[in-house]
1. What residues qualify as long-range amide H neighbours of E100, i.e. H under 5 Å apart, gap of 5 or more or another chain, H built at 1.01 Å from N?
2. I'd like the Karplus ³J(HN,Hα) series for the stretch 81-93: coefficients 6.51, -1.76, 1.60, θ = phi - 60°, whole numbers in Hz, and an x wherever there's a Gly or Pro.
3. Where only protein heavy atoms count, and the probe is 1.4 Å, what is the accessible area per residue for the chain in Å²?
4. For E32, which sequence-distant residues (separation of 5 or more, or a different chain) have an amide H within less than 5 Å of its own amide H, given hydrogens modelled in the peptide plane?
5. With contacts defined as alpha carbon pairs under 8 Å and 6 or more residues apart, what's the relative contact order of the stretch 20-70 in percent?
6. Tell me, what % of the accessible area of the chain is carbon and sulfur with a 1.4 angstrom probe?
7. Which far-off residues, 5 or more places away or on another chain, put their amide H under 5 Å from the one on A41, with H placed in the peptide plane?
8. To the nearest 20 Debye, how big is the dipole of the chain about its Cα centre, given +1 on the beta carbon of each Lys and Arg and -1 on that of each Asp and Glu?
Amino acid sequence: VVRCNMLKTLANMPALESLDVRFCGSLEQIAEMPALKSWSAYTCNMLMTLANMPTLESSEVTDCGSLEQVAEMPALKSLRVDRCNMLKTLANMPALESLEVVGCNMLKTLANMPALESVVDSMVEARVGMATFA
């Protein structure tokens, strides 16, 4: 999905396994995608929350300036978040093994990531020390 500036919601796609969304400035919500395994979003400035994606295994989110939370993703193994300036919380990703966070200066909470094996980027490693772990 590219340059759909009027699109506000992507929902109810029960068989979709992979999704790439780019330059959808009005996109606010992704919901009801029970088979989704791979997801990427680039420059979706109204997207505020990524949550409740039970089968998602990998995700990359870049330049989503309103994104505040990524949570409730039990199968997620790999996550890359780049330049999401409002991101405050990454939580409830028990299968997460690899996390890369770049330019997310508001990040305060990393919670419930028992399988996390690597955090990439020296800036994140410094911020992890300041973040709250639950």
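1. Residues meeting the criterion, in which the H sits 1.01 Å from N, are L79, R80, V81, V120.
2. Values, residue by residue: 10, 10, 6, 9, 5, 9, 4, 10, 9, 10, 8, 6, 10 Hz.
3. Per-residue value: 49 Å².
4. Those qualifying (amide H under 5 Å, at least 5 residues apart or on another chain) are N12.
5. 39
6. Working: 3510 of 6600 Å².
For the chain, the apolar C and S fraction of the accessible surface comes to 53 percent.
7. V21, E60, V61, T62
8. Numbers: 10 positive and 15 negative charges, 62 e Å.
Taking the Cα centre of the chain as origin, the dipole is about 300 debye.
The values are calculated or read from the model by the stated rules, or taken from the named source; none is laboratory data. Not measured: the values here are computed from a predicted model. As a convention, Cβ positions derive from the backbone with ideal geometry for all residues, glycine included, and neighbour counts pool all protein chains shown. Side chains are part of the model used for accessible areas, which takes the heavy atoms of the whole protein and leaves out ligands, DNA and RNA. Shrake-Rupley method; radii C 1.70, N 1.55, O 1.52, S 1.80 Å.
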